[in-house]
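**Q** This is the structure, below, for whatever I ask next.
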Amino acid sequence: MNLEEYKGVFVFAQQVDNELGNISFELIGKAKDLAKDLGTTVTAVLVGSDVKELVTPLAEYGADRVIVVDDPELKVYKTEPYAHALSEVIKEFKPDIFLIGATAIGRDLGPTVSARVATGLTADCTQLEIGDFPLNPIPGKEDEQKHNQLLMTRPAFGGNTIATIACPDNRPQMATVRPGVMQKITPVKGAEAEVVEFNPGFKPDRRYVEILEIVKNVSEAVDIQDAKILVSGGRGVGSPENFAILKDLAEAIGGEISCSRAVVDSGWMPKDMQVGQTGKTVRPKIYFAIGISGAIQHVAGMEESDVIVAVNKDETAPIFDVADYGIVGDLNKVVPLITAAVKQIMADK
């Protein structure tokens, strides 16, 4: 494999029902940073049926080029045709880096594509950067250190440690990236991108599944990644019943409830509400960390919040190291006081 032939940072622009997901824009935002370090460009790969109108938002969010693979076989997601589309794009255009969102679709698609193009895949990444590999030169082998590599960081061993992985000998360097981790840029109205139409041809075979019915389940649960204010509880809350105190505060301030991994492991709240490396990454304007010790696995999922308010009876809790405001005290006494103050402020408006 001639690594010099592979250029550019590519992003899979995931769409469902002809609507782009936020992960597409988040990946383009990160791709812009990586491309700047490498002195190259960003290409979005748009796969679907009658999706050409989605080129404009991809351009406005920073894509320099959009490769459109448009075919009736791609109307709904199926592993085989989508994997065929992306693997053929990779073979034809030879990207240096290819990023896919770690969504339900991406977790299925990424490994399939990487296997077909004979490269590695680092899954569920929380950080990406360009650097040297190995990170520290091996004594006596300094000349073997490779530069301008994609360093892919992800939680490992159930979130108990962090691993940084590289793929120095194969291309493209592929990663799936957790939604909510990367930041999308401010869109530039009227921005344009080069559009390349590419269709490798689709011939259904025994590996094509037939979709008999699509049933859409409407959930009333709020996605905590979209919340502007989060009131998050940890093991220190004491019991699932005590979350009523947090819910009162969330309702008063117009926020949503979330929690730490310990709460989910105890069965107090569902996994969808978990913040952290093995949960969701959030960036609300205000994050209340109540009864949360502040282990690195949790902090990694909320440290980019605009304002962090911590309540914990242990004054040495690590959460106070990242909090903008900290209150040492019994949450059963402190939180109701905060709730009452919020309600008073709202009443005075």
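**Q** State the antiparallel share, in %, of DSSP beta bridges confined to the chain, rounding to the nearest 5.
**A** 20 percent
**Q** A further question on this structure: Collect residues whose amide H, placed 1.01 Å from N in the peptide plane, falls under 5 Å from the amide H of Gly326; neighbours closer than 5 in sequence don't count.
**A** Those qualifying (amide H under 5 Å, at least 5 residues apart or on another chain) are Ala310.
**Q** When the helix-only estimate is applied to the chain (DSSP H runs of n ≥ 4, each -39,500 (n - 2.57), divided by the residue count), what is the mean residue ellipticity at 222 nm, nearest 500 deg cm²/dmol?
**A** Estimated from H runs of four or more residues: -8000 deg cm²/dmol.
**Q** Hey, can you grab everything whose amide H is under 5 Å from the amide H of Lys7? Only 5+ residues off in sequence or another chain; H modelled, so Pro and N-termini drop out.
**A** When sequence neighbours closer than 5 places are left aside, the close amide H contacts are Asp96.
**Q** Only Cα pairs within less than 10 Å get springs; with that Gaussian network setup on the chain, which residue of Gly106, Gly254, Gly29 has the largest fluctuation?
**A** Comparing Gly106, Gly254, Gly29 in the GNM, the peak value goes to Gly254.
**Q** Another question about this same structure. Along Cα→Cβ, 7 Å out, is where each label goes; now give me the distance between the ones at Lys285 and Arg235 in nm to one decimal.
**A** Simple spin-label model gives 3.4 nm for this pair.
**Q** Sorted from largest down, give the three principal axis spans of the alpha carbons of the chain, whole angstrom values.
**A** 64, 60, 42
**Q** Here's something else I'd like to know. In the stretch 224-348, what % of DSSP beta bridges are antiparallel (nearest 5)?
**A** Rounded to the nearest five, the antiparallel share is 0 percent.
**Q** Sticking with the crude label model, points 7 Å out along Cα→Cβ, report the distance from Glu80 to Val16 in nm, one decimal please.
**A** Using points 7 Å along Cα→Cβ, the separation is 2.3 nm.
**Q** Please report the antiparallel percentage of the DSSP beta bridges confined to the stretch 3-197, to the nearest 5.
**A** 35 percent
**Q** Taking θ as phi - 60°, what are the ³J(HN,Hα) couplings along the stretch 199-207 by the Karplus curve (6.51, -1.76, 1.60), each to the nearest whole Hz, with x for Gly and Pro?
**A** 9, x, x, 10, 10, x, 9, 5, 8
**Q** Arranged by the count of other C-beta atoms within 10 angstrom, fewest first, what order do Glu251, Glu92 take?
**A** Lowest count first: Glu92, Glu251.
**Q** Using 12 Å as the cut-off for backbone N distance, which residues of the stretch 122-143 belong to the label zone defined by a point 7 Å from the Cα of Leu38 along Cα→Cβ?
**A** 129-131
**Q** If the chain between Lys52 and Lys141 were fully stretched, how many nm would it gain, using 0.36 nm times the residue separation less the Cα-Cα distance?
**A** My answer for the length gained is 27.1 nm.
**Q** Sticking with this structure for a sec: For Thr122, which sequence-distant residues (separation of 5 or more, or a different chain) have an amide H within less than 5 Å of its own amide H, given hydrogens modelled in the peptide plane?
**A** Those lying under 5 Å, H to H, from Thr122 are Met174, Ala175, Thr176.
**Q** Further question on the same structure: Using 25 Å as the Cα-Cα cut-off, could you pick out the over-long pairs in Lys216/Lys285; Lys7/Lys203; Lys271/Lys333; Lys52/Lys184?
**A** Beyond 25 Å between Cα atoms: Lys216/Lys285; Lys7/Lys203; Lys271/Lys333.
**Q** Find, among the trypsin sites (Lys or Arg not before Pro) in the stretch 187-244, those assigned to loop by DSSP (not H, G, I, E, B) with at most 14 other beta-carbon atoms within 10 angstrom.
**A** Filter output for the stretch 187-244: Lys189, Arg206, Arg207, Lys216, Lys228.
**Q** May I ask you to give the average projected area over all directions of the convex hull of the Cα atoms of the stretch 92-148, in nm² rounded to one decimal?
**A** 5.3 nm²
**Q** Could you work out how far the C-alpha centroid of the stretch 223-273 sits from that of the stretch 150-205, in angstrom?
**A** 31 Å
**Q** Along the Cα→Cβ direction, 7 angstrom out, place labels at Asp265 and Ala191. What is the inter-label distance in nm?
**A** According to this spin-label approximation, the distance is 4.1 nm.
**Q** Something else now. Only sites in a loop by DSSP and with at most 13 other Cβ atoms within 10 Å count here; which chymotrypsin sites (Phe, Trp or Tyr not before Pro) in the stretch 202-269 make the cut?
**A** Qualifying residues, ordered by number: none.
**Q** Please work out how much length the chain gains when fully extended from Glu5 to Tyr208, using 0.36 nm per residue of separation minus the C-alpha to C-alpha distance, in nm with one decimal.
**A** 69.9 nm
**Q** Highest first, please rank the peptides 130-137, 176-183, 279-286 by the mean number of other Cβ atoms sitting within 10 Å of their residues.
**A** 176-183, 279-286, 130-137
Read-outs throughout are calculated quantities, based only on the coordinates presented, and are distinct from any laboratory measurement. All figures in this text were calculated on a predicted structure; none of them were measured in a lab. Cβ coordinates were reconstructed from backbone atoms using ideal geometry, including for glycine residues, and neighbour counts include every protein chain displayed.
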